[in-house]
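So the structure is just underneath, and the comments pick up after that.
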Amino acid sequence: MPRVFGWMFGLIIASLIAAAPPLYHVYLNRTYRNFRAVRPGVLYRSGQMSRAGLERIIHDYGIRCVITLRDADVPGQLPPDWEEEEYCLKEELYYFRLSPKCWWAPEGDPPAAENVKQFLEIIDNPKYYPILIHCFAGTHRSGAYCAIYRMEYDHWSNQEALTELHSNGYDHLYEEEDVRGYLEHYVPRWRRNSDAKAPNGQ
C-alpha cells in the first residue's frame, strides 16, 4: 500500500509540474494581454489588461499616456474600461479614447481617418511618451494603428507594416478588405511631403 501512495504522490507532482507552464501562460495573457514594445520608450501595445497588469506596466515602463480603442457597445453606457480611465486620470496620466470607427467609405476619407489624425497628433508630441495603446485583444485595432506608426515614423513600406500586423495575430487581415484596404493605400506624411517637393510632382 505505501508503494501505491508513493506512486500516486509522484503522479500528482508530475501532473503539477506539467500543468505549471500552461497555467503560467494563461496568467500572463490575462494579466498583460499581448503586451509588447513597438518602440521602447515611445510606444507600447496590448489588449485589455487586468488592473494589476496595467499598474505594473505603468510602473515598470514609465507609461505617461494611455490610448484606448474601446468604447461602450450601447451609446450612453459606460465603456468596458471605465475603471481603467478613472485610475489613469487619478494617477495624472494622459488618457485618450478613440472610439471604433469604420475603415471604409464609398468615397473620400473613412470615419477612422479622424482617429488616425488624432493618433498622429498624440504621437507627434513627446510629452506623452511613453504611450500605451490598447484595444480588447491587442491584435486587431491596436495592431492597425501600430502599422500606421511603422509607416509614419519607421518609414516602413505598406507591405512590411501589413506583414508585421498579420504575424502579430491579425489572422483575418487578408479577409477584411476595409482595414487591409486602408493600410494598403495609406500614404504617410513624409512620403506625401517628399512627393510634393519633387520636380513637377514626379
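The values are calculated or read from the model by the stated rules, or taken from the named source; none is laboratory data. Everything numeric here is computed off the predicted structure, so don't read it as measured data. Reconstructed Cβ throughout: ideal geometry from the backbone, glycine too, with neighbour counts over all protein chains shown.
Structure data summary
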{"read-out": "Residue match in the range 131-145 (condition: part of a helix (DSSP H, G or I) and closer than 16 Å to VAL42 by Cβ)", "value": "yes"}
{"read-out": "Residue list for the range 69-90, restricted to those being in contact with a helix residue (DSSP H, G or I) (Cβ under 7 Å, 6 or more places away or on another chain) and either outside any helix (DSSP H, G or I) or more than 21 Å from ARG56 (Cα to Cα) (or both)", "value": "LEU69"}
{"read-out": "Top-ranked residue in the range 151-169 [being over 17 Å from GLY47 (Cβ atoms) and touching a residue at least 40 places away in the same chain (Cβ under 8 Å); ranked as surrounded by the fewest Cβ atoms within 10 Å (Cβ to Cβ)]", "value": "ASP154"}
{"read-out": "Subset tally (residues that are surrounded by fewer than 19 Cβ atoms within 10 Å (Cβ to Cβ) and on the phi < 0 side of the Ramachandran plot) for the range 48-90", "value": "25"}
{"read-out": "Among residues of the range 150-202, those that are of a type outside the set (A, V, I, L, M), closer than 21 Å to ALA105 by Cα and part of a loop (DSSP other than H, G, I, E, B), counted", "value": "5"}
{"read-out": "Matching residues, the range 109-125, being outside any helix (DSSP H, G or I) and either touching a Pro at 6+ places or on another chain (Cβ under 9 Å) or surrounded by 13 or more Cβ atoms within 10 Å (Cβ to Cβ) (or both)", "value": "PRO110, PRO111"}
{"read-out": "Residue within the range 55-68 that is farther than 21 Å from ARG36 by Cβ and in contact (Cβ under 8 Å) with a residue 24 or more places away in the chain present", "value": "no"}
{"read-out": "Answer from GLY76, GLY108 - the residue that is at pLDDT below 95 and closer than 14 Å to TYR182 by Cβ", "value": "GLY108"}
{"read-out": "Search result, residues across the range 92-108 that are touching a helix residue (DSSP H, G or I) at 6+ places or on another chain (Cβ under 8 Å) and surrounded by 13 or more Cβ atoms within 10 Å (Cβ to Cβ)", "value": "LEU93, TYR94, TYR95, PHE96, ARG97, LEU98, SER99, PRO100, LYS101, TRP103, TRP104"}
